[in-house]
Amino acid sequence: MNRKLPVAKAEDVEYSEELADMNDREARARAEAADRRAERS
């Protein structure tokens, strides 16, 4: 059976600093900066 799984736009995933690579850390920093900008507007 080869069914496609549903794709969510905003999935909750657990972040693990031990398993994170450079791209993960960069994405997290960008997301945190975006959150700060959104809070100011």
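Every read-out reported here was derived from the displayed coordinates using simple, explicitly stated rules and does not represent laboratory data. Keep in mind that this is a model prediction, so the values were computed, not measured. Positions of Cβ are generated from backbone atoms using ideal geometry, with glycine treated the same way; all protein chains shown enter the neighbour counts.
Quick one: if you take sqrt(5λ) for each eigenvalue of the C-alpha gyration tensor of the chain, what semi-axes come out, biggest first, whole angstrom? Mind showing how you got there, number by number?
Working: eigenvalues 142, 59, 12 Å².
Values for the chain, descending: 27, 17, 8 Å.
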Legend entry - the chain, helix-only ellipticity at 222 nm - DSSP H runs n ≥ 4, -39,500 (n - 2.57), divided by all residues, nearest 500: -16000 deg cm²/dmol
Inset, instruction - Give the peptides 17-23, 28-34 in descending order of average Cβ contacts within 10 Å, highest first. - result: 28-34, 17-23
Legend entry - Farthest toward positive dipole pole in the chain [+1 Lys/Arg, -1 Asp/Glu at C-beta], among 33, 19, 2: 2
